[in-house]
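Sharing a structure here in structure tokens format.
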Amino acid sequence: MDATPGSAHVPTLSAEAAVRDIVIVGGGAAGLELATGLSARYRRSSSVKITLVDNTRTHLWKPLLHSVAAGSITASEHEHDYLALAHWYGFRFQYGEIIGLDRTVKQITLAATYDDEGRQITPERPLPYEVLVMSIGSVSNDFGTPGVAEYAVPLDTPEQAKRFHRRLVNGYLRAQTQSEPLRPGQLTVVVVGAGATGTELVAELHRTTRELVGFGLDRINPEKDIRIVLIEAGPRILPALPEVISTSTTKTLEALGIEVRTGERVAEVSAEGVRLASGAFIASDLVVWSAGVRAAECLDRFDGLETNRNHQLVVTETLQTTRDPDIFAIGDCAQCPRKDSAAPVPPRAQAAHQQAAHLARQLPIKLEGGALQPFEYRDFGSLVTLSKYQVIGNLMGFVGRDFRVEGLIARLMYRWLYLNHEMAVNGGRRSVLGTIARLLARQYRPAIKLH
């Protein structure tokens, strides 16, 4: 990646210049990669200070959340501690949630933080900036569907993924020990939204629920008692991918016994299950909502910055917000124009990675007063992993043509995407050692998380 120690020339700041504050709000893929990239450039400079703000203390790559939810991986083995990364790279980490922005005095306000017992950890405080980068990601969009907020589990954060997994395991232990027969829907999981997250989750759940039953839960018959349903309002699953991949994936899921229901809109979610617009009802103790994303509504209240109907900050081709050239936005929280397309840059991991790399090159130029280059998004295609059963996708822009990949090559490429992110935020040596440690750990622990 571009943002690595010693990989680029750092523009020289005048000796008498004051300290320049670059504040990055949000430690997801885009924000963290930008923080480590800029810190690598300015590590030996006392003139530029990089600060990363997040309301959590650890980072987990968002495409792994479905694996955490299903129990395929343990989150702690893949999380990165912001304080440790700040120490190693030389940036500063501020724990807290942004609750205010004053563009006149150029400062943000961070909320106070508290522990589980209600004791204050950090106070409410201001944080000045010269350049501000908003990178707070996205949250699930429930489209106003009744009952979603109360009864469905989104997969926006590691905490939500862990919560789903605890409910899953608890439900299976309850079914094993109860004296009465299983209720309808007791071991049914309904996943609403058949994009990459929802589709990957149902395949992962098919594997992990059966492995969970294998650990002594002999009163549960996987073929008879376990039911997994994937619901999509559109005409096919994986709508962002070519139809041939959607068709192949549907066949794989249905061969596993997973119910795929397309063209079905959810009208309501309740404690008992999901009611469809057609009137049909699916009894279910667990409902996952992955039917689209939007930015956080708080962005609408940040000192007059322009937002769209999905609450994203509207930015120019240089990733600067339309009403303040000193405030940038990247990742899922930004509506970024796309060259030669009426549609904006999609909210995808590869877009966040590209935007972070671009700003790591451009912000030093801004500090020197130079002209910024526009961001150009390149779509390299998508990969979807269906647990151990299949990895499939399409690659774009390679050797002058697009082509479909699957099997071992696709699986290796999927793992390379994660390793590439790991190296961007954790360095090559630590990433390799971490990968080896996880491989060794698999030799002496269960293949799935059981608690």
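In segment 153-169, is there at least one residue being polar (S, T, N, Q), assigned to a loop (DSSP other than H, G, I, E, B) and farther than 21 Å from Ser72 by Cα?
Filtering segment 153-169 for residues polar (S, T, N, Q) gives 157, 160.
Filter again for assigned to a loop (DSSP other than H, G, I, E, B), leaving 157.
Checking which are farther than 21 Å from Ser72 by Cα leaves us with none.
Looking for residues that are polar (S, T, N, Q), assigned to a loop (DSSP other than H, G, I, E, B) and farther than 21 Å from Ser72 by Cα, one finds none in segment 153-169, hence no.
Could you run through segment 104-141 and say how many residues are among the basic types (Lys, Arg) and farther than 24 Å from Lys366 by Cβ? Give the derivation first.
Initially, segment 104-141 is screened for residues among the basic types (Lys, Arg), giving 106, 119, 125.
From the residues that got through so far, the ones that are farther than 24 Å from Lys366 by Cβ too are 119, 125.
Number of matching residues: 2.
Another question, if that's okay. For segment 39-53, check the following and say yes or no: at least one residue is in contact (Cβ under 8 Å) with a residue 24 or more places away in the chain and within 19 Å of the chain's Cα centre (by Cα).
Narrowing segment 39-53 to residues in contact (Cβ under 8 Å) with a residue 24 or more places away in the chain: 39-43, 45-53.
If we keep only those that are within 19 Å of the chain's Cα centre (by Cα) too, we end up with 52-53.
Within segment 39-53, one or more residues are in contact (Cβ under 8 Å) with a residue 24 or more places away in the chain and within 19 Å of the chain's Cα centre (by Cα).
Which one is surrounded by the fewest Cβ atoms within 10 Å (Cβ to Cβ), of the residues in segment 234-261 that are over 15 Å from Thr197 (Cα atoms) and among the hydrophobic types (A, V, I, L, M, F, W, C)?
Start the filter on segment 234-261 by keeping residues that are over 15 Å from Thr197 (Cα atoms), which leaves 234-235, 242-245, 247-248, 251-252, 254-259, 261.
With the extra rule that they be among the hydrophobic types (A, V, I, L, M, F, W, C), the set shrinks to 244-245, 255-256, 258.
Values: Val244: 11, Ile245: 23, Ala255: 9, Leu256: 16, Ile258: 21.
Once the filter is applied, the top-ranked residue is Ala255.
Also, I was wondering about something else. From Ala255, Ala271, Ala280, grab the single residue that is within 16 Å of Ile231 (Cβ to Cβ), out of contact with any strand residue (DSSP E or B) (no Cβ under 8 Å at 6 or more places or on another chain) and at pLDDT 95 or above. Step through it out loud before you land on a result.
Values: Ala255 fails: within 16 Å of Ile231 (Cβ to Cβ); Ala271 fails: within 16 Å of Ile231 (Cβ to Cβ).
Sole residue among the options that is within 16 Å of Ile231 (Cβ to Cβ), out of contact with any strand residue (DSSP E or B) (no Cβ under 8 Å at 6 or more places or on another chain) and at pLDDT 95 or above: Ala280.
Restricting attention to segment 54-109, which residues are in contact (Cβ under 8 Å) with a residue 24 or more places away in the chain, over 27 Å from Tyr129 (Cβ atoms) and small (Gly, Ala, Ser)?
Ser67, Ala69, Ala70, Gly71, Ser72, Ala75
If you don't mind, there's one more thing I want to ask. Looking for whichever is among the small types (Gly, Ala, Ser) and in a loop (DSSP other than H, G, I, E, B) here; the options are Ala240, Ala203. Which one fits? Outline the logic, then answer.
Values: Ala203 fails: in a loop (DSSP other than H, G, I, E, B).
When all the criteria are applied, what remains is Ala240.
Are any residues in segment 314-334 among the polar types (S, T, N, Q) and in contact with a Leu (Cβ under 7 Å, 6 or more places away or on another chain), and if so, which ones?
Thr318, Thr321
Filter segment 214-233 for residues that are surrounded by 14 or more Cβ atoms within 10 Å (Cβ to Cβ) and either of a type in the set (S, T, N, Q) or outside any loop (DSSP other than H, G, I, E, B) (or both) and give the result.
Of everything in segment 214-233, those that are surrounded by 14 or more Cβ atoms within 10 Å (Cβ to Cβ) and either of a type in the set (S, T, N, Q) or outside any loop (DSSP other than H, G, I, E, B) (or both) turn out to be Pro222, Asp225, Arg227, Ile228, Val229, Leu230, Ile231, Glu232.
A follow-up question, please. Could you tell me which residue of segment 162-212 is surrounded by the fewest Cβ atoms within 10 Å (Cβ to Cβ), considering only residues that are among the aliphatic types (A, V, I, L, M) and over 30 Å from Pro242 (Cβ atoms)? Explain how you work it out, then say what you get.
Going residue by residue through segment 162-212, those that are among the aliphatic types (A, V, I, L, M) are 168-169, 173, 175, 182, 187, 189-192, 194, 196, 201-203, 205, 212.
Subsequent filtering for residues that are over 30 Å from Pro242 (Cβ atoms) retains 168-169, 173, 175, 182, 187, 212.
Working: Leu168: 23, Val169: 18, Leu173: 14, Ala175: 20, Leu182: 16, Leu187: 25, Leu212: 24.
So, considering only residues that are among the aliphatic types (A, V, I, L, M) and over 30 Å from Pro242 (Cβ atoms), the one surrounded by the fewest Cβ atoms within 10 Å (Cβ to Cβ) is Leu173.
Got at least one residue in segment 3-23 being at pLDDT below 95 and surrounded by 22 or more Cβ atoms within 10 Å (Cβ to Cβ)?
Scanning segment 3-23, I find at least one residue that is at pLDDT below 95 and surrounded by 22 or more Cβ atoms within 10 Å (Cβ to Cβ), so the answer is yes.
Given (1) in contact (Cβ under 8 Å) with a residue 40 or more places away in the chain; (2) in contact with a Pro (Cβ under 8 Å, 6 or more places away or on another chain); (3) on the phi > 0 side of the Ramachandran plot, identify the lone condition not met by Gly263.
Looking at each condition in turn, Gly263 falls short on (1).
When you scan segment 345-451 for strands (runs of 3 or more DSSP E) that lie fully inside it, which ones turn up with 2 or more residues that are surrounded by fewer than 16 Cβ atoms within 10 Å (Cβ to Cβ) and at pLDDT below 85? So that I can check it myself, show each step before the final result.
Working: elements: 381-386, 390-398, 401-406.
Where strands (runs of 3 or more DSSP E) fall fully within segment 345-451 and carry at least 2 residues being surrounded by fewer than 16 Cβ atoms within 10 Å (Cβ to Cβ) and at pLDDT below 85, they are 390-398, 401-406.
For segment 88-143, enumerate the residues that are among the charged types (D, E, K, R) and in a loop (DSSP other than H, G, I, E, B). Steps first, please.
Narrowing segment 88-143 to residues among the charged types (D, E, K, R): 92, 97, 102-103, 106, 115-117, 119, 124-125, 130, 142.
Of everything in segment 88-143, those that are among the charged types (D, E, K, R) and in a loop (DSSP other than H, G, I, E, B) turn out to be Glu97, Arg103, Lys106, Asp115, Asp116, Glu117, Arg119, Glu124, Glu130, Asp142.
Can you tell me how many residues within segment 286-314 are among the aliphatic types (A, V, I, L, M), in contact with an Asp or Glu (Cβ under 9 Å, 6 or more places away or on another chain) and surrounded by 18 or more Cβ atoms within 10 Å (Cβ to Cβ)? Full working, then the answer.
Of the residues in segment 286-314, the ones among the aliphatic types (A, V, I, L, M) are 286-288, 291, 293, 295-296, 299, 305, 313-314.
Those still in the list that are in contact with an Asp or Glu (Cβ under 9 Å, 6 or more places away or on another chain) too: 291, 293, 295, 305, 313-314.
In the following step, the residues that additionally are surrounded by 18 or more Cβ atoms within 10 Å (Cβ to Cβ) were identified as 291, 293, 295, 305, 313.
The number of residues fulfilling the criteria is 5.
How many residues, within segment 255-275, are assigned to a strand (DSSP E or B) and more than 16 Å from Ile237 (Cβ to Cβ)?
So the first thing to find is which residues in segment 255-275 are assigned to a strand (DSSP E or B), and the list is 259-262, 266-270, 273-275.
Narrowing the set further to residues that are more than 16 Å from Ile237 (Cβ to Cβ) leaves 267-270, 273-275.
The number of residues fulfilling the criteria is 7.
Something else: Where residues in segment 33-70 are among the hydroxyl-bearing types (Ser, Thr, Tyr) and outside any helix (DSSP H, G or I), which of them is nearest to Gln350 (Cα to Cα)? Outline the logic, then answer.
Our first condition is that a residue be among the hydroxyl-bearing types (Ser, Thr, Tyr); within segment 33-70, this holds for 36, 39, 42, 45-47, 51, 56, 58, 67.
Subset that is outside any helix (DSSP H, G or I): 45-47, 51, 56, 58.
Working: Ser45: 30, Ser46: 32, Ser47: 31, Thr51: 23, Thr56: 23, Thr58: 21 Å.
Selected residue: Thr58.
Can you tell me how many residues in segment 402-427 are under 22 Å from the mean Cα position of the chain (by Cα) and on the phi < 0 side of the Ramachandran plot?
Start the filter on segment 402-427 by keeping residues that are under 22 Å from the mean Cα position of the chain (by Cα), which leaves 410-427.
Those still in the list that are on the phi < 0 side of the Ramachandran plot too: 410-426.
Residues in segment 402-427 being under 22 Å from the mean Cα position of the chain (by Cα) and on the phi < 0 side of the Ramachandran plot: 17 in total.
Quick check, is Ser278 out of contact with any Lys or Arg (no Cβ under 7 Å at 6 or more places or on another chain), assigned by TED's automatic domain parsing to the domain that holds Val192 and within 19 Å of Phe164 (Cα to Cα)? Give the derivation first.
Numbers: out of contact with any Lys or Arg (no Cβ under 7 Å at 6 or more places or on another chain): yes; assigned by TED's automatic domain parsing to the domain that holds Val192: yes; within 19 Å of Phe164 (Cα to Cα): no.
No; evaluated as a whole, the condition is false for this residue.
For the subset of segment 124-146 comprising residues that are surrounded by fewer than 18 Cβ atoms within 10 Å (Cβ to Cβ) and more than 19 Å from Gly96 (Cα to Cα), which member is farthest from the chain's Cα centre (by Cα)?
For segment 124-146, the residue satisfying everything is Glu130.
Related question: Can you name every residue in segment 283-313 that is within 23 Å of Arg183 (Cβ to Cβ) and in contact with a strand residue (DSSP E or B) (Cβ under 6 Å, 6 or more places away or on another chain)?
Once the filter is applied, which keeps residues that are within 23 Å of Arg183 (Cβ to Cβ) and in contact with a strand residue (DSSP E or B) (Cβ under 6 Å, 6 or more places away or on another chain), segment 283-313 yields Ala283, Ser284, Leu286, Val287, Val288, Trp289.
The values are calculated or read from the model by the stated rules, or taken from the named source; none is laboratory data. The structure displayed is predicted, hence computed values, not measured ones. Cβ: placed from backbone, ideal geometry, glycine included. Neighbour counts: every protein chain shown.
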